[in-house]
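Have a look at the structure below, then the notes.
The values are calculated or read from the model by the stated rules, or taken from the named source; none is laboratory data. Here the structure is a predicted model, which is why all the values come from computation and not from measurement. SASA here: full protein model, heavy atoms, side chains in, ligands and nucleic acids out. Shrake-Rupley method; radii C 1.70, N 1.55, O 1.52, S 1.80 Å.
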Amino acid sequence: RALPESKGPDRNVSLKPAAVLAEFAQVFRTPGFMAYTLAGGISMAGMFAYISASPFVFMNLYGLSDTQYGWIFGLNAFGLIAGSQLNRVWLKRRNTLQITLASSLFQSITGLALIAGTYWLGGGYVFTLSMIFSYLFWQGFISPNATAMSLAPFSHYAGSASAIIGAIQMLSGALASALVGYLHNGTAAPMTLTMGGCTITASLLLYSRAYRSRKISLQQ
């Protein structure tokens, strides 16, 4: 009320359902969009699996206090932040796709280590904590770069593309959290299996897309 809007209505933008759906359709048809968006969303779903299951794993299974768990949660959050900040440094040496592929590979190795620790190595909370820290560290590289590659082809439809990316990320996270609850068996397996499965699936999507893009480029 104190600061009236100075910009008039934009007649090129319509919020009518038909126009919105037409923009969404154009976004979905854009080559590479779904591959990068799904890869980023599925890898992030692994993080939601950790958020959903880690209180039970660390406090019930490993016997940590609520205060200790709080410190652990903060440490893992620092890993995510550190990765996202170091991403800026890495971008000076490598392009976005190269960083995303490498980060996804390292995260997949971490996911496999989590599964192995659960089933064969008898990993305790120190091992589990270190692997989760590594998982989230690499997530700090994957999330911004996958989003950047998803949005790269767009100018006019950037808002619609961003909305779809956010929706897929939240849907993926909700499904991963629900899966952890459904698989709950009193062990760390539901968390580690879901985290490992998410990152491996995301990695396969990224490498498959990179292979197809390279093949198309060579043919041209």
Inset, instruction - Return the calculated 222 nm mean residue ellipticity for the chain, to the nearest 500 deg cm²/dmol, obtained by summing -39500 (n - 2.57) across DSSP H runs with n ≥ 4 and dividing by the residue count. - result: -27000 deg cm²/dmol
Inset, instruction - Determine by what factor the alpha-carbon radius of gyration of segment 1-54 differs from 2.2 N^0.38 Å, reporting the quotient. - result: 1.86
Inset, instruction - Round to the nearest 10 and report in Å² the accessible area of Ile200, as given by a 1.4 Å probe over the protein chains' heavy atoms. - result: 50
Inset, instruction - Could you pull out every whole DSSP H run in the chain that spans at least 24 Å of Cα extent along its own axis and averages 0.5 or higher on the Kyte-Doolittle scale? - result: 33-55, 96-119, 125-151, 158-182
Legend entry - C-alpha center-to-center spacing [segment 1-74, segment 148-168] in angstrom: 12
Inset, instruction - Once you have a ≥ b ≥ c as the square roots of the Cα gyration tensor eigenvalues for the chain, tell me rounded if a/c is under 1.5, and otherwise prolate or oblate according to whether a/b is larger than b/c. - result: prolate
Legend entry - Once the Cα gyration tensor of segment 2-114 is diagonalised, semi-axes √(5λ) in Å: 37, 22, 18
Inset, instruction - From the C-alpha gyration tensor of segment 73-114, pull out the three semi-axes of the equivalent ellipsoid (sqrt of 5λ each), sorted largest to smallest, in whole Å. - result: 20, 16, 5
Inset, instruction - Measure off, as a whole percent, the carbon and sulfur share of the 1.4 Å-probe accessible area of the chain, all protein chains present. - result: 65
Legend entry - Accessible area (Å², 1.4 Å probe, nearest 10) - Glu23: 40
Legend entry - For the chain, accessible area per residue (1.4 Å probe, heavy atoms of protein chains only), Å²: 56
Legend entry - Surface accessible to a 1.4 Å probe, Tyr62 within the full protein complex, Å²: 70
Legend entry - GNM top mover of Leu205, Leu38, Leu64 - the chain, alpha-carbon springs below 10 Å: Leu64
Legend entry - Ellipsoid semi-axes in whole angstrom, largest first, where each is sqrt(5λ) of the Cα gyration tensor of segment 121-220: 31, 18, 13
